[in-house]
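Have a look at the structure below before the remarks.
Each reported figure results from applying straightforward, stated rules to the coordinates on display, with no laboratory input. The shown structure was predicted, so the numbers you read here are calculated from the model rather than taken from an experiment. Note that we place each Cβ from the backbone using ideal geometry, even for glycine, and neighbour counts take in every protein chain shown.
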Amino acid sequence: MDTETSQTLDKYAQDKYKYGFVTEIDSEKPKKGLDEKIIKFISNKKKEPEWMLNWRLNCYKKWLKMNDPQWANLKFPKIDYQDIYYYSAPKGFEKKPKDLSEVDPKLIETYNKLGIPLEEQKVLAGVAVDAVFDSVSVATTYKGELEKLGIVFCSISEAIQTHPELVKKYLGSVIPPGDHSFSALNSAVFTDGSFVYIPENVKCPMELSTYFRINAEETGQFERTLIIADKGSYVSYLEGCTAPQRDTNQLHAANVELIALENAEIKYSTVQNWYPGDEDGKGGIYNFVTKRGLCKGKNSKISWTQVETGSAVTWKYPSCILKGDNSIGEFYSVAITNNFQQADTGTKMTHIGKNTRSKIISKGISLGNSQNTYRGNVSFLRKADKARNYTQCDSLLVGNKCGAHTIPYIDSKNNSAIVEHEASTSKINEDQLYYCRQRGLTHEEAVSLIVNGFCKQVLQELPMEFAVEAQKLVSISLEGSVG
Amino acid sequence: MIFLNINNLNVSIEGKKILNDFNISINEGEVHAIMGPNGCGKSTLANVLAGNEEYEVNSGKVIFKNQDLLDLNIEERAQKGLFLAFQYPVEIPGVNITPFLHASINSKLKNEKKPELDNLSFAKLLRKNAEELGISTDMLKRSINTGFSGGEKKRYEILQMSILNPELTIFDETDSGLDVDALRIVTEGINRFKNPKKSFLIITHYQKLLDYIRPDYVHVMRNGKIVKSGDISLATEIEASGYQNF
């Protein structure tokens, strides 16, 4: 590699994180550590009914007996669960504010700085936002308008009060709390997240979106999101995340459950931009996320699209259980790792029903000293007649010090299942850069163009409003000077 | 103004000398052809002029538009009006010609301190030039050079040249891999682009290309230097009896 290329690459590797500021706000935190008392505290704070508290305590007991999963291609020190705050809320959040006039201006300012205005007139047209700050939901926009259609879009804490029957029925139905330690932990201590219910035959007219912000130091964020699409309904949902720049690691362990009933469709998109740590690998978010969708009814469809650029460690496998006949699961992913970031991400497609179909498109881009692993599990159960899967897994290496790994598992108990798997690993090659530069583009412009081209198949799955943003984010993750 | 002057240029790659006291002068509006057997250094010359960093320039001087070309990096040379039509244009999957070429032309305009083109005027220009070269809108939607035939790739190079409007175009064996029809389309494109302000350096192995684009000068190159210069009759001589006489 010539010196100019390596210089440019070093420059990319020293990328600066734009969302690393801290909001100076008094917050209420109980003492560090995890025990039954803290769970009761959280439940009490949220004025939860007894069944909810019991569910949490039950999950906590399960967690106590479990060890963290060890199979991922990730290296990080053992997490000390007693050294974390499990709840943090800006002072005065005893009750969720009724409208923005009751919200601390500092919080509104924080979201403005992040490019997420909460005043409805300024909000992106056609996007409703739920803003979650540490452990609480700050504001939810366009709620009234959605209510007219019977759509419920609120924080999960609120849904436990207002729609207990739905929460009771579906919470933990897709991700059993005993699934693994992170799901048990989340179930015990989850603080906030979004709840969505789309009634029968309603097509949600706007994008629903939640914006997660971790602010407080040494605090874990345990997000819990539950989305239910009733028969024949449709919803598109987007999640965004950022955190301040700190030199200690912080834990984010989310659980997201999606349920699509007969003929329903859920499109879930994530732009994950947690603080990735500095160029020496110090600090950053540990992101242990369980996302799972259940295509419960016939002809239902769940589609995951993720753009993963942040976090020091990412452990995340948005999955689909294809139970209804003819149901469809899709997973589109772009994962970019830079500096000392590590990502072990992919998906699980479990074919149970007849004629179920799944599609996996994964694009991994590794820069700096990072390690990027795709891990996929495609399985066909006995009754999954004529089910099919198509997997395409491409890795792009930029530089000589990073790594890309592809680990696909395929398990078929049905002879009529069809599986296709394509994988490629490539490096941005000097000939491509030479060609672009001969046409007058700089090194940086050329790399950004090629990487964006490499990801295009996935980026075009994002809702239009966010595709442009995501494209910019991809460029920023590569570059030091742009933006 | 000195348009292009190469003076005693010595170039090597991995210690092996390829250009050996190479000299040539090209004025504005002139068409020069360099012919030579395989391995004589023709393609090296093209790539050294474009700034390819794999080659080591040991000594010599290259003046382009009154400036020392060897001081500039690849993109600066391109922005100054030097265009290389590649022998093997590289595939860039996922990257469409529109944003690619739009960024290219704007970087050149910016360098010339001229107003940049907005999306609409660029799209119009691209469509018009593509049409003249018989490039369909379907083809414009594909990724750059990806899955293109040899002829399509070369036509794409000519399209890029016509948009970027360079003062000096170097054709590196543009005729290689082209059948007669493709060659005709490509050379028609070049001829349409010719005017007294543009200069061309055509690097080729065969005379065929020169039947379509009549050069003002023909040079024969062997062992890293020009051994004979003349007019088009030199090309005919080579076609008849090969390079062994030089």
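How do B:133-146, A:145-158 rank on mean C-beta neighbours within 10 Å, highest first?
The packing order, highest mean first, is A:145-158, B:133-146.
How about the stretch A:33-76: which trypsin sites (Lys or Arg not before Pro) there are in a DSSP loop, with at most 13 other Cβ atoms within 10 Å of their Cβ? Please report the intermediate quantities before stating the final value.
On the way: sites: A:Lys37, A:Lys40, A:Lys45, A:Lys46, A:Lys47, A:Arg56, A:Lys61, A:Lys62, A:Lys65, A:Lys75; in loops: A:Lys46, A:Lys47, A:Lys65, A:Lys75.
When the trypsin sites (Lys or Arg not before Pro) of the stretch A:33-76 are filtered for loop state and at most 13 Cβ neighbours within 10 Å, A:Lys47, A:Lys65, A:Lys75 remain.
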Angle between chain B longest axis and helix B:97-111 axis [Cα atoms, degrees, rounded to 10]: 70
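Per residue of B:174-181, how many C-beta atoms from partner chains lie within 10 Å of its own C-beta, taken as a mean?
On the way: counts 0, 0, 0, 0, 0, 0, 0, 0.
Other-chain Cβ atoms within 10 Å of each residue's Cβ, averaged: 0.
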Whole-angstrom gap from the stretch A:436-456 to the stretch B:111-168, using each part's C-alpha centre: 17
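Provide the packing ranking of B:197-206, A:185-194, i.e. peptides ordered by the mean count of other C-beta atoms within 10 Å per residue, highest first.
Values: B:197-206: 19.9, A:185-194: 26.0.
For the peptides B:197-206, A:185-194, the packing ranking is A:185-194, B:197-206.
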Simple label model, 7 Å out from Cα along Cβ direction - B:Glu188 to A:Lys40, nm: 8.8
Inter-centroid distance (Cα atoms) of the stretch B:1-71 relative to the stretch A:290-347, Å: 53
GNM top mover of B:Thr169, B:Thr44, B:Thr236 - chain B, alpha-carbon springs below 10 Å: B:Thr236
Entries of A:Lys427/B:Lys141; B:Lys65/B:Lys228; A:Lys91/A:Lys113; A:Lys45/A:Lys148; B:Lys124/B:Lys197; A:Lys231/A:Lys291 with Cα pairs more than 27 Å apart: A:Lys45/A:Lys148
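By DSSP, what percent of the beta bridges with both residues in the protein assembly as shown are antiparallel, rounded to the nearest 5? Present the calculation step by step, with values, prior to reporting the outcome.
Values: 33 of 179 bridges.
Approximately 20 percent, going by the DSSP bridge assignments.
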Over the protein assembly as shown, equivalent-ellipsoid semi-axes from the Cα gyration tensor in Å: 59, 26, 23
Cα gyration tensor shape for the stretch B:42-130, rounded if a/c is under 1.5, else prolate or oblate: oblate
For the stretch A:262-364: rounded, prolate or oblate by the Cα gyration tensor [a/c cutoff 1.5]: prolate
Shielding by other protein chains, B:95-103, mean Cβ within 10 Å: 4
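What is the sum of charges around A:Lys267, taking Lys and Arg as +1, Asp and Glu as -1, for the other residues whose C-beta is under 10 Å from the C-beta of A:Lys267? Numbers along the way, then the final one.
Values: positive: A:Lys301; negative: A:Glu207, A:Glu265, A:Glu330, A:Glu461.
For residues surrounding A:Lys267, the net value is -3.
Shielding of B:69-76 by partners, i.e. mean partner chain Cβ atoms within 10 Å per residue? Kindly include the intermediate steps, with their values, before the conclusion.
Numbers: counts 0, 0, 0, 0, 4, 13, 10, 3.
For this peptide, the per-residue mean of nearby foreign Cβ atoms is 4.
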Most positive-pole-ward Cα, A:Phe182, B:Ser162, B:Gly230, against dipole of the protein assembly as shown from beta carbon charges: A:Phe182
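Tell me what chain A gives for mean residue ellipticity at 222 nm when only DSSP H runs of n ≥ 4 count, each as -39,500 (n - 2.57), the sum divided by the residue total, rounded to 500 deg cm²/dmol.
Values: 11 runs with 114 residues, N = 483.
That comes out to -7000 deg cm²/dmol.
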Listed residue (A:Asn369, A:Ile410, A:Ile198) projecting farthest to the positive dipole end of chain A, Cβ model: A:Ile410
Mean separation of Cα contacts under 8 Å, 6 or more apart, over the residue count of chain B: relative contact order %: 29
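Note down the net charge around A:Tyr435, summing +1 for each Lys or Arg and -1 for each Asp or Glu among other residues with Cβ under 11 Å from its Cβ.
Numbers: positive: A:Arg437, A:Arg439; negative: A:Glu430, A:Asp431, B:Glu91, B:Glu157.
The answer is -2.
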